[in-house]
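Remarks on the structure that follows.
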Amino acid sequence: MTADSGPADAVEVGSVAEQIADAVLALPGVIDLHSGLFGEVATYMPGQRVSGIALRDEDGEVHIVADLTYDLQEVAAAVRDTAESITGLEFSVVVEDIAQTRKAG
């Protein structure tokens, strides 16, 4: 599922990465996706990249910024389950950073 096969494959992989990103960002406890220390965690497609999602033929990774007011293990498990349900691949989740969302009011 790598984007190295050709332009059409890259668009398909990018679309899957975008689906994962949208679904993961909608989960409680996920503040943002994280591209890694040097921006190395990403899926590339023509003219665009999806930061924080790395897809390979056999597996993938999602790197997140998690809300510290949530149970980090539960957040990571929800992210993993979401990514795996979209792709059917095994996923690792890396909590790259934690932060606290501000409460309105």
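Nothing in this text is a laboratory measurement; each read-out follows from the coordinates by a stated rule. Keep in mind it's a predicted model, so treat the numbers as computed, not measured. Because the Cβ atoms are built from the backbone with ideal geometry, glycine has one as well, and the counts that use them run over all protein chains shown.
Report the charge-dipole magnitude of region 19-105 in Debye, nearest 20, computed about the Cα centre from +1 at each Lys and Arg Cβ and -1 at each Asp and Glu Cβ.
On the way: 5 positive and 15 negative charges, 83 e Å.
That gives a dipole near 400 debye.
In region 55-105, how does Rg compare with the Kirkwood Rh, expressed as the Rg/Rh ratio over alpha carbon atoms? Provide the component values of the computation, followed by the final result.
On the way: Rg = 12.7 Å, Rh = 11.8 Å.
Across region 55-105, the Cα-based Rg/Rh ratio is 1.07.
As a footprinting exposure proxy, order His63, His34 by other Cβ within 10 Å, with the fewest listed first. Spell out each step's value before the answer.
Working: His63 23, His34 19.
Taking fewest neighbouring Cβ atoms as first place, the list is His34, His63.
Here the residues Val94, Val79, Val24, ranked from fewest to most Cβ neighbours within 10 Å of their Cβ, fall in the order Val94, Val24, Val79.
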